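What follows is one structure encoded as structure tokens, with my remarks underneath.
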Amino acid sequence: MQKFPMTLPGLQRLEEELRNLKSVERPAVIAAIAEARSHGDLSENAEYHAARERQSFIEGRVQELEEVISAVEVIDPKSLSGNMVKFGATVTILDEETEKEMTYQIVGQHEADIKQARLSVSSPLAKALIGKKLGQTISVPAPGGDRTYEILTVEFK
């Protein structure tokens, strides 16, 4: 079975989503299906078909979350140290072209959220960063040509 590295907060977010789907969303969609059935002819009942589609999505997501959660390997970034980038590290980099600083935490693919500065370990940028040390420059292939970044800080928090 494939293990998925993940931080504890990432696992907790997935578990909360699973709880919500099972205790709130699933009963709501079952009620919506029952309500739509009471309106008669199901073949032309848009509410019924929409509710069934929503139910299908919820059941698929529940199954996916259960599979992921059962295969999670929790890694606590606070227990790590050093100046080398690895899973869980919070890294500040400098785009050498734009002089813009960016900070990302390298996390598991199922908890990544670029809007929250959580970068998937399987992303091209994270792959380029892992194994590099503080002060090194990396090159990352991008659609408009390679981008170069300097690693300014490596923290484990």
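The values are calculated or read from the model by the stated rules, or taken from the named source; none is laboratory data. Remember, it's a predicted structure, so these values are computed and weren't measured experimentally. Note: ideal-geometry Cβ built from the backbone for every residue, glycine included; neighbour counts use all protein chains shown.
Results, tabulated for the structure shown:
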| quantity | calculated |
| --- | --- |
| Test: residue in region 61-68 that is more than 23 Å from GLN2 (Cα to Cα), assigned by TED's automatic domain parsing to the domain that holds LEU14 and surrounded by 14 or more Cβ atoms within 10 Å (Cβ to Cβ) | no |
| Residue in region 73-80 that is surrounded by fewer than 19 Cβ atoms within 10 Å (Cβ to Cβ), part of a strand (DSSP E or B), over 16 Å from the mean Cα position of the chain (by Cα) and not polar (S, T, N, Q) present | no |
| Hits in region 35-72 - residues which are not small (Gly, Ala, Ser) and not in a helix (DSSP H, G or I) | HIS39, ASP41, LEU42, GLU44, ASN45, VAL72 |
| Answer residue from region 125-146, given it is among the charged types (D, E, K, R) and under 24 Å from the mean Cα position of the chain (by Cα) and is nearest to GLY82 (Cα to Cα) among those | LYS132 |
| Of residues in region 84-133 being assigned to a loop (DSSP other than H, G, I, E, B) and among the charged types (D, E, K, R), the one nearest to ALA71 (Cα to Cα) | GLU111 |
| ILE151 farther than 18 Å from GLN12 by Cα, surrounded by 12 or more Cβ atoms within 10 Å (Cβ to Cβ), in contact (Cβ under 8 Å) with a residue 24 or more places away in the chain and not polar (S, T, N, Q) | yes |
| Condition met for VAL85 (out of contact with any Pro (no Cβ under 9 Å at 6 or more places or on another chain) and in the same structural domain as LEU125 (by TED's automatic domain parsing)) | yes |
